[in-house]
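Here is the structure we will look at.
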Amino acid sequence: ASTGEPLVVVENIEKYYGDFHALKNVSLTVNKGEVVVIIGPSGSGKSTLCRTINRLETITSGTIRIDGTELPSEGKPLAQLRAEVGMVFQSFNLFAHKTILENVTLGPIKVRGLSKAEAEKTALALLDRVGIKHQAAKYPAQLSGGQQQRVAIARALAMKPKVMLFDEPTSALDPEMITEVLDVMVGLAKEGMTMVVVTHEMGFARRAADRVLFMADGEVVEENGPEEFFTAPKSDRAKDFLSKLL
Ligand code: ADP
Ligand code: MG
C-alpha cells in the first residue's frame, strides 16, 4: 500500500542497444510502500527497465530518480546507489565458493562498512526470516533453487534497500518451490517494502500488487489495478497476451 510519496521516478526514458529501440518513452512512478507488477511478452523490455533502474544499463535519454536523487549522481558512489535498489534475478547468482552466511554478509561489510559481527547478526536475522538460518554454514550448491532464491532475497535486504526489484524471481524454479519464494515476497509487501516485480504469477499480483503495468515492444501499454487488469484488460495486446497466459 502506498504512502503517496514518490520513491522511484522514471521519466521519459529511452534506451537503445545499437539501433534497437528497447525502451520507448517509458515513465513510471513507484510510491513508498507500493508494489508494482510488470507483465508483458518476452522481449518487451521488462528486464531492461529493471536494469536501468539499478544502473546496470545506462539510458539513452530521460531521467531516473531514487528518493529524490537523480542517477547517476555526482555525490554517491555507484555501489551505494545500487545498495539502495535491491535486485533479485531469475538466476540467483550466489557466490558458489562462499557460505550462505558469507553471501549475505559480504555486501554489508564491504559497502555499508559493518563489522563482521554486526553483519552476521543482521544476516542471521534475515536468514531466519526467509527460513534458511539452519543452512547458514552451507554452500549454495547444497540448497534447492527455492532456498537459494530466498538467500538472494536476504542478501539484497541486508543492504537495507529503499526499493526491491525482482526480475522473474520464480521463473527458474520448480513449481513446488515457487510458493515459498512468493510467500516471502508477499510478506515483504505486507510490511510495506516498496517493490517492482516482473512476474507472470497472477496469484502474486492479485495478492500483493497495487498496480499492474503491461509492457509490449518497449512501451508501457497500460496500467491498472490487478483485478481490473486481469479481468478487463483495455488493449488488444494485453488481451492477446493474457489469453496465451491462461
Ligand atoms: P524482457 O525482459 O521483457 O523479456 P528484455 O528487456 O530482456 O525483455 O529485452 C528487450 C529487448 O532488448 C529484446 O529484444 C532483447 O533482445 C533486447 N536486448 C536486451 N539486452 C540487449 C543487449 N545487451 N544488447 C542488445 N539487445 C538487447
Ligand atoms: Mg526479462
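The values are calculated or read from the model by the stated rules, or taken from the named source; none is laboratory data. None of these values were measured; they are calculated from a predicted model. All Cβ positions, glycine included, derive from the backbone under ideal geometry; neighbour counts span all protein chains shown. For the accessible areas, the whole protein counts, side chains as well, though only heavy atoms, and no ligand, DNA or RNA atoms are used. Shrake-Rupley method; radii C 1.70, N 1.55, O 1.52, S 1.80 Å.
Screening the candidates VAL130, VAL88 for the property of being open to solvent by less than 80 Å² (accessible area, probe 1.4 Å), in contact (Cβ under 8 Å) with a residue 60 or more places away in the chain and of a type outside the set (Ser, Thr, Tyr) yields one hit, VAL88. Looking across the stretch 157-178, the residues that are among the aliphatic types (A, V, I, L, M), open to solvent by 10 Å² or more (accessible area, probe 1.4 Å) and touching a residue at least 60 places away in the same chain (Cβ under 8 Å) come down to LEU157, MET159, ALA172. Taken over the stretch 91-106, the residue count meeting the criterion of being modelled with pLDDT under 95 and surrounded by fewer than 21 Cβ atoms within 10 Å (Cβ to Cβ) is 2. Condition check for ILE66 on (1) under 29 Å from VAL151 (Cα atoms); (2) more than 16 Å from ligand 2 (Cβ to nearest atom); (3) open to solvent by 50 Å² or more (accessible area, probe 1.4 Å): one failure, at (3). For the stretch 34-82, taking the residues that are within 16 Å of ligand 1 (Cβ to nearest atom) and part of a helix (DSSP H, G or I), the one that is nearest to the chain's Cα centre (by Cα) is identified as CYS50.
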